[in-house]
Amino acid sequence: MESASESNESRGAKAILQSPTVIFSLVLVTVYIIIGAIVGNFFQPLLSGSVILDLLVQCDAPTPIFPWTVLTAVFLHASILHIVSNVFFLLFFGFILEEQVSKSRWVTTFFITGLVGSLGFVGYDVLGYLLSGGTPTLDCAVGASGAVYGIMGTAVGLKVVLLLIFLLGLDIFAGGGGPAHLGGLVAGLILRRYWSLGGGSFRGI
């Protein structure tokens, strides 16, 4: 016979394991560990020059060399600090978003905003290419920051995001990822409005 406390604990553990925030955070960490193990560098795994990474990292010249990297790059991170910061904010704002949307919408938010963030990076590189008179340059990027900013925007709206940037020092242009961060944030705000979050009507802006 199962006690009430044991039953509550089992339900709590099951809820955590079914949480998209927890699942995606674990996926990001697992991918980082696997890549680090493959290349033999857990501190800065993307500096190894591995052929595997060449097929996964988003490199634009000015459009992506391999089109699938606009998605795969979302799950890669350049350093321990990079992965820790992204997972921290994903956990914090991901749980907030879970209180507002279904699991399927949470997952949709992550992928849409992550992809839009990657495409924002592409747009920035294309614009630079055109403004430079067609001078080709190779520009590479990785990280879930676009999706994280998208989760933030969808969960709390623009005013709160701007307040957090001011109070916590979150640099939306950090690491040269400004186009991806802005792209993810805008996509998140659009989803927030489309789903009428924030008290039944969009109050994020």
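Quick rundown of the values:
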| read-out | value |
| --- | --- |
| Rg over Rh, two decimals, segment 36-124 (C-alpha only, Kirkwood Rh) | 1.02 |
| Tensor-based shape of segment 38-197 (alpha-carbon gyration tensor, a/c under 1.5 rounded, otherwise prolate or oblate) | prolate |
| Mean separation of Cα contacts under 8 Å (6+ apart) over length of segment 58-141, as relative contact order % | 57 percent |
| Relative contact order (percent, whole number), segment 96-167, Cα cutoff 8 Å, 6+ residue spacing | 46 percent |
| Relative contact order of segment 1-151, defined on C-alpha pairs under 8 angstrom at six or more residues apart (%) | 30 percent |
| Percent carbon-and-sulfur accessible area, segment 24-71, ignoring ligands, DNA and RNA, probe 1.4 Å | 77 percent |
| Extension gain, residue 79 back to residue 41 (0.36 nm per residue minus Cα-Cα distance, nm) | 12.7 nm |
| Dmax and Rg, reported as Rg then Dmax, of segment 105-164 (C-alpha, Å) | 14.4, 41 |
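The values are calculated or read from the model by the stated rules, or taken from the named source; none is laboratory data. For clarity, every value in this text was computed on a predicted model and none was experimentally measured. The area values use the complete protein model at the heavy-atom level, side chains included, leaving out ligands, DNA and RNA. Shrake-Rupley method; radii C 1.70, N 1.55, O 1.52, S 1.80 Å.
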